[in-house]
């Protein structure tokens, strides 16, 4: 496993202290959230389908739909989405 060294501000370091033994989980969760947010932003702009957003974020279509609804977004089912789901 590679070792990564990063510099973080003191205030963030203090907040991370209770989680020091689980930093890998913390990074995994944070990365997932960033992927979901970025994918939803592309979906919101109309650049990708919700199905493609789910695939980019590494979550199920059902989960991505829940994220979208939580942000007030609705998925329109179009031919591309249907093709992607059936592929």
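Since every read-out is calculated from the coordinates, none of them should be taken as a lab result. Source: prediction; values computed, not measured. Cβ placement follows ideal geometry from the backbone for every residue including glycine, while neighbour counts extend to all protein chains displayed.
P(r) for the chain, from all Cα pairs and a bin width of 10 Å, is 15, 38, 20, 20, 6, 0 %, short bins first. The label-point distance for residue 13 and residue 71, in a model that sets each label 7 Å from Cα toward Cβ, rounds to 3.4 nm. Of 31, 16, 42, the residue with the greatest mean-square motion in the GNM of the chain, using alpha carbon springs below 10 Å, is 16.
Here the simple spin-label model places points 7 Å from the Cα toward Cβ, and for residue 60 and residue 29 these points are separated by 2.1 nm. Using a Gaussian network model of the chain in which every pair of alpha carbons under 10 angstrom is joined by a spring, one finds that among 54, 70, 41 the greatest mean-square fluctuation is at 70.
Each label point was placed 7 Å from the Cα along the Cα-to-Cβ direction; for residue 22 and residue 79 their separation is 4.8 nm.
Considering only 39, 13, 49, the mean-square fluctuation computed in a Gaussian network model of the chain, springs between alpha carbons under 10 angstrom, is largest for 13.
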